[in-house]
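Chemist: Below is one structure. I have some questions about it.
The values are calculated or read from the model by the stated rules, or taken from the named source; none is laboratory data. Please read all numbers here as calculations on a predicted model, not as lab measurements. In this analysis, Cβ positions are derived from the backbone assuming ideal geometry, glycine residues included, and neighbour counts consider all displayed protein chains. Calculation scope for accessible area: heavy atoms of the full protein, side chains included, ligands and nucleic acids excluded. Shrake-Rupley method; radii C 1.70, N 1.55, O 1.52, S 1.80 Å.
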Amino acid sequence: PLSVQLVSAVVEYGGKRVRGSDLFSPKDAVAITKQFLKGLKGVENVYTQHQPLLQETLDQLIKGKLKDSQYPYLGPNTLRDRPQDIIVFIIGGATYEEALTVYNLNRTNPGVRIVLGGTTIHNTK
């Protein structure tokens with residue numbers, strides 16, 4: 001009973017209503033299938049096609065398109081300016097996939113440096 005209450009409390013605290021962005025945006029089966037098939041074009045390995053939410057967030061940050069309501073900012077510049085240095089620290093730990101995402105973004109966006117940190121690096125163990 002206590003465990004069930006804790007899960008409900010965590011979902012209420014950090015659920016979709018609070019997060020603001022949905023990880024699985026298409027709602028109907030047709031849209032999900034189209035997105036899946038579109039994602040398979042030109043992919044050699046279907047297991048490497050997944051992109052973590054961190055990639056979308058950092059892409060929007062680099063382009064200056066983050067929503068101010070979800071990502072409030074205090075400082076002399078605005079989020080519309082192109083950042084040069086970005087530090088990402090994930091409490092609870094980062095994955096190798098997220099590290100690869102940061103590596104690829106650093107490689108493809110000259111003039112922008114992204115550093116990834118976390119309390120741990122998750123692996124299969």
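Chemist: Step by step: first the residues of the range 30-53, then only those that are within 27 Å of Val112 (Cβ to Cβ), out of contact with any helix residue (DSSP H, G or I) (no Cβ under 6 Å at 6 or more places or on another chain) and assigned to a loop (DSSP other than H, G, I, E, B), then the one that is modelled with the highest pLDDT. Which residue is that?
Modeler: Gln51
Chemist: Residue check: is Ile87 out of contact with any Cys (no Cβ under 7 Å at 6 or more places or on another chain), open to solvent by 80 Å² or more (accessible area, probe 1.4 Å) and at pLDDT 85 or above?
Modeler: Criteria met by Ile87.
Chemist: So the check is Cβ under 9 Å with 6+ separation or different chains; which pairs have a first residue in the range 56-77 that's closer than 14 Å to Ile114 by Cα and among the β-branched types (Val, Ile, Thr) and a second one that's at pLDDT 85 or above and surrounded by 10 or more Cβ atoms within 10 Å (Cβ to Cβ)?
Modeler: Listed by first residue and then by second, the contacts come to Thr57/Val88; Ile62/Ile86; Ile62/Leu105; Ile62/Asn109; Ile62/Val112; Ile62/Ile114.
Chemist: Among the residues of the range 88-105, which ones are within 14 Å of Asp59 (Cα to Cα) and part of a strand (DSSP E or B)?
Modeler: Hit for the range 88-105 is Val88, nothing else.
Chemist: Residues of the range 54-70 being modelled with pLDDT of 90 or more, open to solvent by 40 Å² or more (accessible area, probe 1.4 Å) and not polar (S, T, N, Q), which ones?
Modeler: Glu56, Asp59, listed by residue number.
Chemist: List the number of the failed condition for Val102; all other conditions in (1) at pLDDT below 95; (2) open to solvent by less than 100 Å² (accessible area, probe 1.4 Å); (3) out of contact with any Pro (no Cβ under 8 Å at 6 or more places or on another chain) hold.
Modeler: The one condition Val102 does not meet is (1).
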